[in-house]
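First comes the structure, then the notes that go with it.
The values are calculated or read from the model by the stated rules, or taken from the named source; none is laboratory data. The model shown is predicted, which means the values in this text are computed figures rather than measured ones. No Cβ is skipped: glycine too gets one built from the backbone with ideal geometry, and neighbour counts run over all protein chains shown. When the accessible area is computed, the model is the full protein with side chains, heavy atoms only, and any ligands, DNA or RNA have been set aside. Shrake-Rupley method; radii C 1.70, N 1.55, O 1.52, S 1.80 Å.
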Amino acid sequence: METKLAVPIAAKDLDQARQQVKAAISAGAELLELRTDYLVNLSVEMVKNLIAYVKSAGDKQLPIIVTCRDQQQGGVMDYGQQLRVEVLVCALKAGAEFIDFEYDNFLIAESQEPIKQALSQNPQARLILSAHNFETKFPDISKLHRDILNVCPETIPKLVYAANHINDCFEAFDLLHQNKGERIVFCMGEAGLISRIIAKKLNSFVTFASIDDQSATAPGQLTIEQFRKLFRSDCINTDTELFGVIANPVGHSLSPAIHNACFGEKQMNKLYLPLLVEGGRQEFDSFLHNVIERKWLNFIGFSITIPHKQSALEFARANGGFVEPLAEKIGAVNTLVCRVGSPPNKINNGGASPTLQAYNTDYSAALDAITSTLGIERDGLRGLSVAVVGAGGVARAIVAGLSDVGAKIRIYNRTVEKAEKLAVEFNCDFAPLDDLMDMNAKLVVNCTSIGMHPNVNTSPVPQECLKSDMAVFDTVYNPAETLLLKQAQQAGAKSIDGVSMFVNQGLAQFKLFTKTDGNAELMRKTIVDCLSKG
Ligand code: NAP
């Protein structure tokens, strides 16, 4: 059984519905769900007409689910139970392969009888019995699943609930893992997004995708293009290894695009997910325990970003993992690798290579971006005078890396106390931003967010300070060419962009995740394409 990519057709009239059918077929839908509760002035004739249209459209006939959702369970128009049942009965006669009816309503004898009778006359067709919770988890999803099958053993149960946190998704995953029959289980909302993406890995009967952003019929639905191109849905199967970026927010992250592009290029059975982990250390820990305890999910590695980099370090320490020494010194981890899904207290099996490993690829990514542009080895940075502008997380990683190779660093920051604290820790100088006017550095590194989209006409460094014998590195990567870098080029200085650092940290993570090299050019192109789309 292969999970089908189903596209809901949610139109107010037949003309609009036909256009959506055409668009869904050309986008690559594998199944169509006709949401007849969206149709204004619904009649059984309209439904027959629409089914006939679908059956004649496209080169190969797509299977159809006909749904006329009760308004109590997310339906759009307020149609009575009798009409909704008539629509489903008519759909079966007109050749629909599936009908979807609410489990609660199926328990009402007057509704159940005509549906059962119509199914017995169309034995090739299947009944989906669905239950929704738009607020939160079901009180007992396993019992609900059993109850539905007890009432109608030949049905396909469909259980859909709102995830208020990514950790709410694990009940859905467990149900899919423990029950091998045909079933549809997923979570709504941004926190439930991964349940739609990995539905195919967990063999859910279908997963739903919209034609475009405007036509989504449920919160958290992805477009067919996102499923196919970004999340590699055609290549996913039960053996697919999972990776992801743990962040909050995560929607803007370019990491899924670059890693999935490289997995695709190398035809690797791997998938990289956006993992929205809201909350602090506790929620972060529970998420990791949840994935590690479920070995069958095949999670292998994580990129970690704001606000979880310290939690990742503490998690690795608390669970006996290996922590790269400079990551320990920086106090932040941006990469976790957990090759074996052992329970947390057994993560470190005492062997030479702990199964949980924590790294910081930011500092080496920055150093590599600098040395490759300047055409020098890391040793060449020894004694170089560097102005680091900013004293936040990225500045910390770069100061740690540069001080490790012996550069002479002065940290400039708006909040001077933060510059001082960082300078004391890494044994370097500090100064207020105003002192940049008198700087005498050969390398300037912007580690602030100044110049980042949408404030692209700002720069952290006065133009007159930039000289032709300098190299200027801007860690901001959106846009790739910041005002600071444009002004550096005008001054005849060498420029190093933030995309190089982003690509380098992506390459380092790719290597840690897969033990093979990623494609730097493909990563850069993917980033530039994503940024140009906005
Ligand atoms: P952070 O910890 O929040 O630090 C932000 C820094 O920017 C602080 O030093 C802050 O100064 C300064 N700042 C912010 N707005 C300012 C303003 N209007 N005027 C003066 N100073 C200002 O952030 P982070 O994690 O270090 O990230 C900083 C930037 O690095 C990001 O915006 C991103 O563009 C870039 N980045 C690049 C990569 C890459 O791979 N290329 C990766 C991650 C991040 P105060 O201390 O005074 O608040």
So is residue 153 free of Cβ contacts under 8 Å to residues at least 40 places away in the same chain, open to solvent by 20 Å² or more (accessible area, probe 1.4 Å) and in a loop (DSSP other than H, G, I, E, B) or not? yes
Residues to consider are 137, 55, 60; find the one that is farther than 21 Å from residue 219 by Cβ and outside any helix (DSSP H, G or I). 60
Out of all the residues in the range 454-478, which are over 30 Å from the mean Cα position of the chain (by Cα) and either among the small types (Gly, Ala, Ser) or within 12 Å of the ligand (Cβ to nearest atom) (or both)? 458, 459, 460, 461, 468, 471
Within the range 479-529, the residues that are open to solvent by 50 Å² or more (accessible area, probe 1.4 Å), outside any helix (DSSP H, G or I) and within 16 Å of the ligand (Cβ to nearest atom) are 481
Test of understanding: among 392, 383, 451, which residue is in contact (Cβ under 8 Å) with a residue 12 or more places away in the chain, small (Gly, Ala, Ser), within 10 Å of the ligand (Cβ to nearest atom) and surrounded by fewer than 18 Cβ atoms within 10 Å (Cβ to Cβ)? 392
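One line per residue, one yes/no per condition, for (1) more than 17 Å from the chain's Cα centre (by Cα); (2) assigned to a strand (DSSP E or B):
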site: 187; (1), (2): no, yes
site: 195; (1), (2): no, no
site: 199; (1), (2): no, no
site: 209; (1), (2): no, yes
site: 214; (1), (2): yes, no
site: 220; (1), (2): no, no
site: 229; (1), (2): no, no
site: 243; (1), (2): no, yes
site: 251; (1), (2): no, no
Residue among 199, 191, 163 that alone is surrounded by 18 or more Cβ atoms within 10 Å (Cβ to Cβ), at pLDDT 95 or above, aliphatic (A, V, I, L, M) and within 21 Å of residue 33 (Cα to Cα): 199
Of all the residues that make up the range 395-416, how many are open to solvent by less than 40 Å² (accessible area, probe 1.4 Å) and part of a strand (DSSP E or B)? 4
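When you check residue 532 against the structure, is it within 11 Å of the ligand (Cβ to nearest atom) and of a type in the set (S, T, N, Q), yes or no?
no
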Within the range 417-448, residues β-branched (Val, Ile, Thr) and surrounded by fewer than 19 Cβ atoms within 10 Å (Cβ to Cβ) come out as 424
Say whether the condition of being out of contact with any helix residue (DSSP H, G or I) (no Cβ under 8 Å at 6 or more places or on another chain) and open to solvent by 10 Å² or more (accessible area, probe 1.4 Å) is met by at least one residue in the range 86-96. no
